[in-house]
1. For residue 62, which sequence-distant residues (separation of 5 or more, or a different chain) have an amide H within less than 5 Å of its own amide H, given hydrogens modelled in the peptide plane?
2. What FRET efficiency do you get for residue 57 and residue 98 if R0 is 30 Å and r is their Cβ-Cβ distance, rounded to the nearest 0.05?
Amino acid sequence: MEISGFMRRTQCWFFSIIVVAILSGCVYGSGVPIGSDHYTPTSSQKVIILTESPDPSTYKVVGTVRASGAPAASKESVYSKLQKYAADLGSDAVIVTEASRGHRANTDFGPMYGWDVAEMAIKYIK
């Protein structure tokens, strides 16, 4: 059975869209609140990325945030997404203890690599 020209073009477009999506700098993520306290969302520009945990008596964990990036995504774009989800939870900072770039998933087209970060969103206690 021969594939029509229309079907062949459709398959080529579909394949092209998938390749662009995989190789692009797409970043996605989520934020999940912890506990019963809810805070007013803040500006993501005010959320600080910390590489070391501050004194535990100075903050409260308000949620977990996660961001993953496609192969072409930069570390900065992944951190920016972390800040966005942390801001949605009303946090002041994100404690990033490990940011890894490596194998994230297997797809029909082979292994997929990119940034993957899952960390704690915190609110300072005043």
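1. Residues meeting the amide H criterion: 121, 122, 123.
2. Details: r = 23 Å, r/R0 = 0.78.
In this case the efficiency is close to 0.80.
Only the coordinates and a few stated rules stand behind these numbers; no lab work does. Since this is a predicted model, take the numbers as computed values, not measurements. Glycine also receives a Cβ, built like all others from the backbone with ideal geometry; neighbour counts cover every protein chain displayed.
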